[in-house]
Each structure stands twice: as structure tokens, then as C-alpha cells.
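Asker: Supplied in C-alpha cells, the structure appears directly below.
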Amino acid sequence: MKLNRYLFFSALVAALGGLLFGFDTAVISGTTDWLREGFVAQITTALAPHLTWVSAERLGSFMQGFTVASALLGTIVGAVAVGKPADRYGRREVLFALAVLFLITSVGCALAWSWASFVIFRFIGGLAVGGASVVSPMYIAEISPARYRGRLVAITQFNIVLGILLAYFSNYLIGSLNLGPATCRWMFGVMALPSAAFFALLFFTPQSPRWLVAQKRPEEAVDVLVRCGEEPAAAQAMVREIQESLASGSEPAAEPFFCRKYLKPILLAVAIAMFNQLSGINAVIYYTMHIFKMAGYDSVDALWQSVIIGFTNLVFTMAAMTVIDRFGRRKLMLVGSVGYILSLLVAAYSFYSGTGGKLLLGALVVFIASHAFGQGAVIWVFISEIFPNRVRARGQALGSFTHWIMAALISWTFPLIADVSGGHAFLFYALCMVGQLLWVILVMPETKGITLEEIQHRLGIH
């Protein structure tokens with residue numbers, strides 16, 4: 001079966017949630033100095049008289065970390081809260097709501113008038129990012145045939161890294177215009193355009209066929225599958241298979257999730273999500289400019305180095321997309337784990353030895369390439385595959401919740417650790433990636449080329 005144009009279009013539109021996810025995540029990297037000198041300085045000055053037991057510098061680092069992590073606190077809530085609405089109202093309707101939240105955060109952060117208002121609007125953006133990290137890959141997985149599922153779900157990751165690159169490049173262009181105090185406000189505001197486009201394009205996409213079956217609408221599910229390229233007989237057979245997988249449980253909302261039956265996929269989702277952030281990826285993405293300034297680059301050069309990192313991320317994500325369904329998820333994770341360990345050790349050495357500069361840039365290029373080819377390409381595909389139909393939304397939410405709570409911890413603590421030594425942080429991340437390598441070798445199952453229902457059986461869920 002050839003890849004159907006309507007199927008590809010629908011997957012691409014849903015994956016725009018990933019593009020906004022990436023843009024919103026990375027755009028703040030170009031504004032950390034502005035935040036610290038402006039909003040963070042204001043709140044630090046207000047709190048300092050009441051917190052005399054901590055130095056102003058340490059308090060500033062703590063509040064900077066909290067301000068950056070405020071969006072990640074929203075992602076935790078968004079990832080947890082989106083599962084039930086996705087089951088009740090449908091994946092597409094939830095994507096509409098997320099598009100509106102992305103629009104609100106872009107305009108709100110651009111017009112923020114105080115530290116509190118900025119944090120609130122970043123939190124709203126986090127709700128959208130957390131929700132998109134659950135619903136976009138889940139929707140694509142549910143409309144995709146098994147032979148294309150890895151590549152189509154990986155479009156979400158491609159769009160995430162494209163969004164990161166666009167944020168870095170947008171920050172560089174805006175930073176080069178010398179717009180004065182309004183510079184960073186423009187960096188946030190430009191996201192309003194793709195947010196509006198995402199909302200408009202969703203009108204041309206279908207409901208998830210698996211959600212339609214769960215809602216007792218099998219005829220509509222067959223129609224969607226046919227429009228996505230399946231032969232009518234094959235579409236009807238797929239609907240019957242979905243009905244059988246749902247029949248072994250109750251209605252999705254009433255099906256118990258935290259129980260022995262789902263222990264294997266729960267542990268797998270939690271593990272891959274934790275390791276994803278213990279690599280330090282979000283510290284690098286959120287503080288790219290800060291890291292390069294620590295290594296001796298000026299502001300504009302640091303913004304340009306961020307573009308190089310974002311471009312590397314995009315190139316290696318594209319490479320992973322072309323082979324994820326041929327080589328499988330485990331092989332990509334193995335290659336990525338080894339690359340993580342080597343590059344993080346070199347990054348740590350660059351700080352300990354004081355060489356910094358090009359050695360650090362080279363280490364971070366290899367690091368981001370390893371992430372893009374391994375964890376970055378695999379995580380959302382893998383989590384979207386390992387849970388049965390009736391609990392997939394909640395399983396995806398659990399994986400995203402774990403991912404984002406770890407991201408918040410890493411992003412919040414990085415400025416505090418980096419004030420002491422950037423090398424300490426990178427060495428810790430390298431040790432964590434040794435743990436990931438062992439997990440991939442000893443525990444992680446392969447899911448390439450297998451229907452979602454067959455994966456369920458292989459994990460012992462009946």
C-alpha cells in the first residue's frame with residue numbers, strides 16, 4: 001500500500017502541534033538574560049529582604065530556573081489532564097483547544113507586564129505543550145497503518161525539532177535587528193502565526209478511527225480508514241480487530257489503568273521518559289545561549305551557535321525518520337546512548353579544562369545528533385505503541401507526565417549547578433546515560449512493523 005496523500009496531510013497537520021511544542025520550548029533560550037535582568041531581577045529584589053539566609057546571586061539563579069521551568073510545570077498538568085478529554089471528546093477536538101492555548105501564550109508572553117503575568121502565560125503555553133506531546137503522536141499512531149506508523153509518528157518529532165530550529169533562527173534574526181527592549185517580546189510574539197495556521201488546518205483532518213470505534217461509530221471509522229488509503233475490506237477487518245481489542249475491557253474512561261495487567265507498558269513508558277530528560281537535553285535546549293556565553297561567546301554569536309545546534313537536530317531527526325521502521329527502535333536507542341555518553345564526557349571535560357569554545361560546540365553538536373537519532377526519534381513513537389487502545393490516552397499521558405516532570409527538575413536545577421561548574425552537570429548526565437544504555441540492552445522490546453493490537457499481545461495484555 002502506497003502512502004496516501006490524505007493520510008500524510010492529516011499526520012502533518014496533527015504534527016504541527018509538535019512544531020509549536022518545539023518553538024515554545026526553545027524560544028526562551030534567547031531571552032534568559034533579558035528575563036534575569038528584568039522580570040527575575042524584580043521578583044528577586046522583592047523576595048531578598050525576606051530570604052536573608054540565601055545570597056542574592058543564588059536567589060537569582062533559583063528564580064531564573066523557576067521562571068524558565070514555569071512552562072514545564074504547565075506541561076506536567078497538561079500531559080496528565082489531557083487524557084480523559086481526548087477519550088471523551090476526541091483527539092481532533094482536543095488539538096483545536098491546544099491551538100488556542102498556543103495562541104494565548106504567544107500573545108500573552110509578548111505583552112507580559114510583570115513577572116507574575118509572564119509566568120502565568122508561560123504556564124498556559126506549558127499546558128499546550130504537555131497536551132500536544134500526548135495527543136499529536138497518539139492521533140497519528142491511531143490513523144496510521146503499521147508499516148508507516150513509525151515514520152508518520154516521527155513527523156511529530158521532526159516538527160518538534162523544526163520548531164526548535166525555527167525558534168533559534170527567529171531569535172537570531174530578531175536579535176540582529178537591534179530592536180531594543182522590545183526584542184525579546186517579538187521573539188515570543190511571532191509564534192501567534194503558526195498557532196493560527198494550526199487551528200485553521202485542523203478543520204480538514206478526520207477523527208481518529210480507533211476513537212470512533214470506541215464511541216460506537218464503526219461506519220465512520222471505516223470511512224476514515226478508506227479515505228486514508230485502506231481498501232474497504234481491509235478497513236472493515238481493521239475495525240473488527242479494534243472492536244475485539246476494546247471488547248476485552250469496559251469503556252475507556254472506566255477501564256482501570258494502574259493495575260497489574262498494564263505494569264509492563266507503564267514501566268517501559270516511565271523508564272524511556274525519565275532517561276530522555278536525564279540526558280540533559282532540555283538543559284541544553286533551554287539554556288543554549290547561556291551555555292555558550294559561559295564558554296566565552298558574545299550574545300549574537302551565542303544565538304548563532306544555537307542555530308547550528310538546531311540545524312544539527314533537524315538533520316539527524318530526518319535521518320532517523322528514514323530508518324526507524326527499517327532498523328527498529330532499539331538500534332536507534334543503542335546508537336544514541338553511546339553518542340550521548342561520549343559527547344557529554346567531552347562537554348564536561350571542556351568545562352573542567354577551561355578549553356570551552358570549539359570543543360564545547362563540537363561536543364554539543366554530537367550530543368544533539370545522538371539525541372535526534374536516538375531518544376528524540378523514538379520516545380513518542382514507542383510510548384504511542386505500547387499501550388492498548390482502551391488506555392492509550394492515559395498511557396501517553398503518563399509517559400508525557402514523567403517526561404515533563406523530569407524536564408522541569410532538570411531545567412530548574414541547571415542554573416544552580418552551572419553557577420558552580422557546568423562540568424558537574426554534564427558529567428551527571430553522562431552517568432545517567434550509562435544507565436539508559438543498560439536499559440536498552442537488557443529491557444527494551446522492539447515494536448517495529450507490528451500492529452498495535454499485536455504489540456498488546458506480545459506484552460502479555462489480553
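The values are calculated or read from the model by the stated rules, or taken from the named source; none is laboratory data. Keep in mind the model is a prediction, meaning the values are calculated, not measured. Glycine also receives a Cβ, built like all others from the backbone with ideal geometry; neighbour counts cover every protein chain displayed.
Asker: Checking Asn178 against (1) under 20 Å from the mean Cα position of the chain (by Cα); (2) surrounded by fewer than 24 Cβ atoms within 10 Å (Cβ to Cβ), only one condition comes out false. Which one?
Answerer: (1)
Asker: Quick one: would you say Leu267 is aliphatic (A, V, I, L, M) and under 27 Å from Ile174 (Cβ atoms)?
Answerer: When the stated conditions are applied, Leu267 does not pass them.
Asker: Tell me yes or no: at least one residue of region 328-351 is modelled with pLDDT under 90, aliphatic (A, V, I, L, M) and surrounded by fewer than 24 Cβ atoms within 10 Å (Cβ to Cβ).
Answerer: no
Asker: Then there is this: What is the number of the single condition among (1) buried (at least 18 other Cβ atoms within 10 Å of the Cβ); (2) more than 21 Å from Val284 (Cβ to Cβ); (3) among the hydrophobic types (A, V, I, L, M, F, W, C); (4) touching a residue at least 60 places away in the same chain (Cβ under 8 Å) that Val107 does not meet?
Answerer: Condition not satisfied by Val107: (1).
Asker: With the condition kept exactly as written, say whether any residue in region 184-207 is in a helix (DSSP H, G or I), aliphatic (A, V, I, L, M) and crowded, with 20+ Cβ neighbours inside 10 Å.
Answerer: yes
Asker: To continue, here is another question. Write out, first by first residue and then by second, each pair whose Cβ atoms fall under 8 Å of each other, whose residues are 6+ apart or on separate chains, and whose first residue, in region 426-450, is closer than 15 Å to Ala269 by Cα while the second is among the basic types (Lys, Arg).
Answerer: Short answer, once both residue conditions are applied: Val440/Arg330; Met444/Arg329; Met444/Arg330; Pro445/Arg330; Pro445/Arg458; Glu446/Arg329; Glu446/Arg330; Thr447/Arg329.
Asker: Also, quick follow-up: Take region 47-95 and flag every residue that is of a type in the set (Asp, Glu) and without any contact (Cβ under 8 Å) to a residue 60 or more places away in the chain. It would help to see each step written out before you state the result.
Answerer: As a first pass, look at region 47-95 and keep what is of a type in the set (Asp, Glu): 57, 87, 93.
Once the filter is applied, which keeps residues that are of a type in the set (Asp, Glu) and without any contact (Cβ under 8 Å) to a residue 60 or more places away in the chain, region 47-95 yields only Glu93.
Asker: I would also like to ask the following. For region 284-339, give me each residue that is of a type in the set (D, E, K, R) and in a helix (DSSP H, G or I). I'd like the intermediate steps shown before the answer.
Answerer: Of all residues in region 284-339, those of a type in the set (D, E, K, R) come to 293, 298, 301, 325-326, 329-331.
The answer is Lys293, Asp301, Asp325, Arg326, Arg329, Arg330, Lys331.
Asker: Select from region 110-121 the residues that are in contact with a Gly (Cβ under 9 Å, 6 or more places away or on another chain) and touching a residue at least 60 places away in the same chain (Cβ under 8 Å) and list them in ascending order.
Answerer: Within region 110-121, Ala110, Leu111, Trp115, Phe118 qualify.
Asker: Another question, if that's okay. Is it the case that some residue within region 404-414 is buried (at least 19 other Cβ atoms within 10 Å of the Cβ), of a type in the set (S, T, N, Q) and farther than 29 Å from Tyr148 by Cβ?
Answerer: Yes, region 404-414 contains a residue that is buried (at least 19 other Cβ atoms within 10 Å of the Cβ), of a type in the set (S, T, N, Q) and farther than 29 Å from Tyr148 by Cβ.
Asker: Moving on. Got a number for residues in region 302-319 being under 16 Å from Met289 (Cβ atoms) and buried (at least 22 other Cβ atoms within 10 Å of the Cβ)?
Answerer: Of the residues in region 302-319, 7 are under 16 Å from Met289 (Cβ atoms) and buried (at least 22 other Cβ atoms within 10 Å of the Cβ).
Asker: From the set of residues in region 57-80 that are modelled with pLDDT of 85 or more and within 30 Å of Val213 (Cα to Cα), which is surrounded by the most Cβ atoms within 10 Å (Cβ to Cβ)?
Answerer: Restricting to residues being modelled with pLDDT of 85 or more and within 30 Å of Val213 (Cα to Cα), the top hit is Gly78.
Asker: Let me ask another. Please specify each residue of region 340-374 satisfying the condition of being touching a residue at least 12 places away in the same chain (Cβ under 8 Å) and either outside any helix (DSSP H, G or I) or among the small types (Gly, Ala, Ser) (or both).
Answerer: If the condition is that a residue be touching a residue at least 12 places away in the same chain (Cβ under 8 Å) and either outside any helix (DSSP H, G or I) or among the small types (Gly, Ala, Ser) (or both), then Ser343, Ala347, Ala348, Ser350, Gly356, Gly357, Gly362, Ala363, Ala369, Ser370, Ala372, Gly374 are the ones that fit.
Asker: Okay, moving on. Based on what the data block shows, is Leu332 under 23 Å from Phe382 (Cα atoms), without any contact (Cβ under 8 Å) to a residue 60 or more places away in the chain and of a type in the set (A, V, I, L, M)?
Answerer: So Leu332 passes the test.
Asker: Quick one: would you say Gly229 is of a type in the set (Gly, Ala, Ser), buried (at least 16 other Cβ atoms within 10 Å of the Cβ), touching a Leu at 6+ places or on another chain (Cβ under 9 Å) and not in a helix (DSSP H, G or I)?
Answerer: Yes: the conditions hold for Gly229.
Asker: Of the numbered conditions (1) surrounded by fewer than 17 Cβ atoms within 10 Å (Cβ to Cβ); (2) modelled with pLDDT of 90 or more; (3) not acidic (Asp, Glu), Tyr429 fails exactly one; give the number of that condition.
Answerer: The failed condition is (1).
Asker: Give me a count of the residues in region 116-152 that are buried (at least 24 other Cβ atoms within 10 Å of the Cβ), in contact with a Ser or Thr (Cβ under 8 Å, 6 or more places away or on another chain) and small (Gly, Ala, Ser).
Answerer: Residues that pass the stated criteria total 7.
Asker: Of the conditions (1) touching a His at 6+ places or on another chain (Cβ under 8 Å); (2) on the phi > 0 side of the Ramachandran plot, Gly449 satisfies every one except a single condition; which number is it?
Answerer: (1)
Asker: Out of Ala295, Ala253, report the one residue that is more than 30 Å from Ser170 (Cβ to Cβ) and at pLDDT below 85.
Answerer: Ala253
Asker: When Thr156 is evaluated against the numbered criteria (1) surrounded by 17 or more Cβ atoms within 10 Å (Cβ to Cβ); (2) at pLDDT 85 or above; (3) in a helix (DSSP H, G or I), which criterion, by number, is the only one it fails?
Answerer: The number of the failed condition is (2).
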